[in-house]
1. DSSP loop (so not H, G, I, E, B), at most 14 other Cβ within 10 Å: list which GluC sites (Glu not before Pro) in the stretch 56-130 pass both filters.
2. Given R₀ = 45 Å, what would the calculated FRET efficiency be for VAL84 paired with GLU242, taking r from the Cβ atoms and rounding to 0.05?
3. Working from the pairwise distances between different alpha carbons, so that the mean of 1/r is found and then inverted, what is the stretch 35-110's Kirkwood radius in Å?
4. Are any of the pairs LYS55/LYS79; LYS82/LYS117; LYS79/LYS157 more than 27 Å apart by Cα-Cα distance, and if so, which?
Amino acid sequence: MDFNVKRLAADAGTFLSRAVQFTEEKLGQAEKTELDAHLENLLTRAECTKHWTEKIMKQTEVLLQPNPNVRIEEFLYEKLEKKVPSRVNNHELLGQSMIDSGNEFGPGTAYGNALIKCGETQKQIGAAEKEFIQSSAINFLTPFRNFLEGDFKTILKERKLLQNKRLDLDAAKTRLKKARAADARAVPLSTTSPPGDVGYTANFAFMVNFLHVKWLKMWAEEVTKAEQDLKMTQSEFDRQAEITRLLLEGISSTHAHHLRCLNDFVEAQTTYYAQCYQYMVDLQKQLGSFPSTFSSNNNQSLASGGASISVPTIPVSASLPAAPGRASSGFSELRSSSGSRKARVLYDYDAAGSSELSLLADEVIMVSSVPGMDSDWLMGERGNQKGKVPITYLELLN
């Protein structure tokens with residue numbers, strides 16, 4: 001094992017210096033270098049993004065799996081990197097119970113046949129629910145979790161390094177200030193002339209004074225070293241501030257990506273509810289073919305004689321919004337070409353940096369693709385203004 005005592009001592013000294021600086025700042029005995037307003041706003045925005053991402057993810061998990069014990073079990077399986085065992089959901093359990101009871105009463109009887117049909121529909125709904133949960137977990141929860149466990153942890157690490165570099169910078173400023181003050185006190189003492197033969201007491205006093213001057217002049221040598229340390233720590237602080245700023249400006253890309261994930265989640269919900277509605281409409285039409293004595297109590301006021309229930313059928317595809325895949329095909333064609341197209345802005349957007357372009361809802365801009373640019377962004381132009389814009393805020397025009 002390579003045990004470097006000098007390195008250990010240097011690290012311990014740096015840690016102690018940071019601790020002293022931090023304590024003096026808390027006690028109001030030392031100055032503190034403040035971050036620029038833009039960087040502070042980016043840090044606040046990142047914290048806000050992390051807070052609400054955690055909250056949305058937690059509530060989505062509760063929606064998809066209301067049972068807290070099952071959620072804990074799934075979490076443990078995930079941490080152990082083991083496959084979660086397949087479970088029968090409530091709709092499937094209800095459907096199986098209805099089918100079993102229908103077979104017991106007899107499929108040839110009206111009641112038994114109705115139970116079997118209801119059970120089969122409940123199983124279809126259960127299967128649709130599983131698809132919805134799986135789709136939401138992959139396309140919505142996973143990107144949110146990846147941000148919290150990946151990108152945001154990197155931001156936290158770089159922010160901690162920035163805090164340490166800031167403490168080092170302020171400690172260097174304090175050392176330089178003390179060295180200059182000690183050097184200033186040594187100047188008048190160094191010009192004092194020796195007393196000559198005026199007695200032992202005067203000579204002793206001069207010797208003490210001389211040693212005191214020598215001790216103070218040690219600080220004069222520290223001034224040069226402190227100035228060099230200050231330049232080095234200032235350079236390291238500026239470099240780390242720039243790294244942190246670039247990472248924090250990436251939050252805009254995170255928001256654009258999460259917006260696409262939100263669209264996927266809404267599409268999955270729409271598909272799931274439309275499927276469930278269609279299954280129930282079909283079931284209701286099948287039950288309407290049974291004799292009126294077995295029809296719903298809500299229809300007892302209808303004329304007797306085997307009147308059936310007339311329910312309009314709404315196709316699943318008719319109730320769904322246009323799929324994002326079709327909407328994004330225009331963007332894919334734009335990326336593959338070297339031209340530009342007009343696009344309408346769907347929502348207001350505030351640029352997070354000088355490389356981006358702020359947008360106003362309903363305005364029309366020109367967009368084009370730039371080689372090497374992130375797939376979630378395009379280059380937008382409005383008059384003489386030019387900058388990156390997120391594609392989720394745009395609608396291409398013909």
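1. GLU81
2. Working: r = 43 Å, r/R0 = 0.96.
Taking R0 as 45 Å, the efficiency between VAL84 and GLU242 is 0.55.
3. Numbers: mean 1/r = 0.0590 Å⁻¹.
One over the average 1/r among Cα pairs gives 17.0 Å for the stretch 35-110.
4. Details: LYS55/LYS79 20 Å; LYS82/LYS117 37 Å; LYS79/LYS157 23 Å.
Flagged as over cut-off: LYS82/LYS117.
Taken together, the values in this text are just the output of simple stated rules run on the coordinates, not laboratory data. Please read all numbers here as calculations on a predicted model, not as lab measurements. All Cβ positions, even for glycine, are placed from backbone atoms using ideal geometry, and neighbour counts span all protein chains on display.
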